[in-house]
């Protein structure tokens, strides 16, 4: 039936209203970040991928808000490769794929105090902002709190929200590796102001300066996403699959027999699962399958964190060159 512009794969056409149970579809398990090979074709590429996703309910196209990457998710590496080839053949857009970036966070592990004073004199009206803050970690490294404990008007009420704003702006990129900072309680405890030179901008800058000082002394740490993974493997390859999970810093949680297969439950860092699909295929002779979802964030082990930070510094230096 040609020219059905508003009909998508999975829709039901009927003469009368009815409820039809949709066919169960497998969830995408492989994701790659995509970008056009030729600059300026981002919109054309995104439109082409959306068209293919409308035709294929098992294909998912999404934008990662944390990393700003466009992600294409499918049932296998072959599924992704076929999609890329179809975009080139039907829409004339060549796509480059690479593993998605891991959305790390930064946090702190101890309480510290810092003082910052921003003072600038340019001949006319100057800028002056002065604040003392305390920072401490929140339980489970979650959330953000700002507490105002100013007494006696040492900082006018109108300038205190500016300190909070400057701190939150600085938390968008931590000094450890440039990732967002979470799980922090900041308490504004003291400060001073100038009746003429003080302004919201001056206190925003002072708040940012104070937080940077406190953060560097608060034992900052990287947090990584931990995925909850369910792997279906033939019983005879379970040992190989478990061994591979251990090499990926995974923690097996249990196993359940299902017919001739075994379902393995585990928790594995997301960074270790980016290329898991082809490895599982190799381990199980193409008979293995898996699904995963975000469980929580945990601190990155010190030796892994050092490697990540070193790699990031090399990337930044290469970009500058």
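Things worth noting here:
- Pairwise FRET efficiency - residue 217 versus residue 96, Cβ, R0 = 35 Å, nearest 0.05: 0.25
- Our summary gives the chain a relative contact order of 16 percent, counting only alpha carbon pairs under 8 angstrom and 6 or more residues apart.
- Relative to one another, the C-alpha centroids of region 5-67 and region 192-216 are positioned 48 Å apart.
- The modelled label-to-label distance for the pair residue 235/residue 77, using points 7 Å beyond Cα in the direction of Cβ, is 3.0 nm.
- The chain - Debye-derived log10 I(q)/I(0), Cα point model, q = 0.12, 0.13, 0.15, 0.16 Å⁻¹: -0.98, -1.06, -1.19, -1.26
- Peptides ranked, highest mean first, by Cβ atoms within 10 Å: ranges 8-17, 108-117, 221-230, 55-64: 221-230, 108-117, 55-64, 8-17
- Residue 256/residue 293 FRET efficiency (R0 22 Å; Cβ-Cβ; nearest 0.05): 0.80
- 0 to 90° range, to nearest 10: angle between helix 200-216 axis and the chain longest Cα axis: 70
- Considering helices alone, the calculated mean residue ellipticity of the chain at 222 nm is -9500 deg cm²/dmol, with DSSP H runs of length four and up weighted by -39500 (n - 2.57) and normalised per residue.
- Multiplying the residue separation of residue 302 and residue 154 by 0.36 nm and removing their Cα-Cα distance gives an extension gain of 49.1 nm.
- Coordinate range along principal axes, alpha carbons of region 106-219, Å, largest first: 46, 29, 19
- 14 Å cut-off, amide nitrogen to a point 7 angstrom out along residue 115 Cα→Cβ, residues in region 178-206: 189-193
- Subtracting the Cα-Cα distance of residue 314 and residue 85 from 0.36 nm times their residue separation leaves 79.2 nm of extension gain.
- Just so you know, the Rg over Rh for region 37-179 is 1.20, from Cα atoms, with Rh as the Kirkwood radius.
- Simple spin-label estimate for residue 58 and residue 281 gives 1.2 nm between the two label positions (7 Å along the Cα-to-Cβ direction from each Cα).
- Range of Cα positions in region 222-303 per principal axis (Å), largest first: 40, 21, 18
None of the figures in this text is laboratory data; all of them are computed from the coordinates on show. Owing to the predicted nature of the structure, the values given are computational and were not obtained by experimental measurement. Neighbour counts run over all protein chains shown; Cβ positions are idealised from the backbone, glycine included.
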